[in-house]
Amino acid sequence: MPPISVVIITYNEEKNIGRCIRSVQSIADDIVVLDSFSEDSTEAICKELGARFVQHKFDGHIEQKNRAIGCAMYPIVLSLDADEAIDEELKKAIMAVKNNWEYDAYFVNRLTNYCGKWIWHGHWYPDRKLRLWDSRKGKWGGLNPHDKFEMQEGVSVGYLNGHLLHYSFYTFEDFKKQMCKFASISARAAYKQGKRAGSWNLLLNPVAKFFTGYFLKRGFLDGSAGFTIARYNAYATYLKYKELLELYRNEK
């Protein structure tokens, strides 16, 4: 039975971190929180619940998550965000693989809660994530803020039943603010990597984003929340390309 380290990165997560830690206490052999110098009660909550608490300046989602792996006691890692928790079915599935570690990594489906409503369609579901793995066989990569764990070639990958519950946005204003923030981070990351964009991206990409999420992925089945999510996903796409074009214009 391989022991599991749960790693979590935080910054001012007093609203979420307790739920996150409590959800994994029965399956974790080690819980470590890497914090970016929170100014609320995040530290106190973590220590009260028995998690190891480490702090380091935030320098990017990818960088911080890779750093968190280095704080883990064991190579088998379950990586969570502070606003996530595992449901009972996923908890049972993780206990099963602890007793029979068959693959190098496991995917899980993430189910997102938007303003009190679970979103079952659109771009948000099934939001499959690779979150349980042998950390010796991969590392976090991707493009900030859309990080992903990238395994080495030739590894075996399985799938776990249950859901990673994502308590993303409590209000519409939270959602709007985060979408704008992530659009800006994405634009700057794309610029840093030399990715180009044209004026046509300002129109075609947002339209494609909305059409795919709302119609092809049936976001309309989530009612008004589905429409709002599809609309602001499209708006965030527009903001991303708008800022990327501005970065290149300023360069000239």
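Screening TRP101 with (1) in a strand (DSSP E or B); (2) more than 30 Å from PHE210 (Cα to Cα) gives one miss only, at (1). Scan the range 85-138 for residues that are polar (S, T, N, Q), open to solvent by less than 70 Å² (accessible area, probe 1.4 Å) and either closer than 24 Å to TYR170 by Cβ or over 18 Å from the mean Cα position of the chain (by Cα) (or both) and the total you get is 3. In this structure, ALA44 does not satisfy being under 30 Å from SER156 (Cβ atoms) and open to solvent by less than 70 Å² (accessible area, probe 1.4 Å). Mind telling me which of the residues LEU164, LEU247 ends up being among the hydrophobic types (A, V, I, L, M, F, W, C) and under 30 Å from VAL97 (Cβ atoms)? One residue alone meets the criteria, LEU164. Residue count for the range 44-59 under the criterion of being free of Cβ contacts under 8 Å to residues at least 12 places away in the same chain and either part of a helix (DSSP H, G or I) or closer than 13 Å to VAL6 by Cα (or both): the result is 3. Flag: ILE21 matches the condition of being in a helix (DSSP H, G or I), β-branched (Val, Ile, Thr), under 29 Å from TYR103 (Cβ atoms) and within 17 Å of the chain's Cα centre (by Cα). In the set (1) modelled with pLDDT under 90; (2) of a type outside the set (Lys, Arg); (3) outside any loop (DSSP other than H, G, I, E, B), the condition left unmet by ALA197 is number (3).
Exactly one residue out of GLY142, GLY162, GLY154 is under 27 Å from LEU216 (Cα atoms) and either in contact with an Asp or Glu (Cβ under 7 Å, 6 or more places away or on another chain) or free of Cβ contacts under 8 Å to residues at least 12 places away in the same chain (or both): that is GLY162. Right, ALA28: within 20 Å of LEU164 (Cα to Cα), at pLDDT 95 or above, surrounded by fewer than 17 Cβ atoms within 10 Å (Cβ to Cβ) and of a type in the set (A, V, I, L, M) or not? Against the criterion (within 20 Å of LEU164 (Cα to Cα), at pLDDT 95 or above, surrounded by fewer than 17 Cβ atoms within 10 Å (Cβ to Cβ) and of a type in the set (A, V, I, L, M)), ALA28 does not qualify.
The values are calculated or read from the model by the stated rules, or taken from the named source; none is laboratory data. Keep in mind that this is a model prediction, so the values were computed, not measured. No Cβ is skipped: glycine too gets one built from the backbone with ideal geometry, and neighbour counts run over all protein chains shown. We work out accessible area using only protein heavy atoms, side chains counted, and drop any ligands, DNA or RNA first. Shrake-Rupley method; radii C 1.70, N 1.55, O 1.52, S 1.80 Å.
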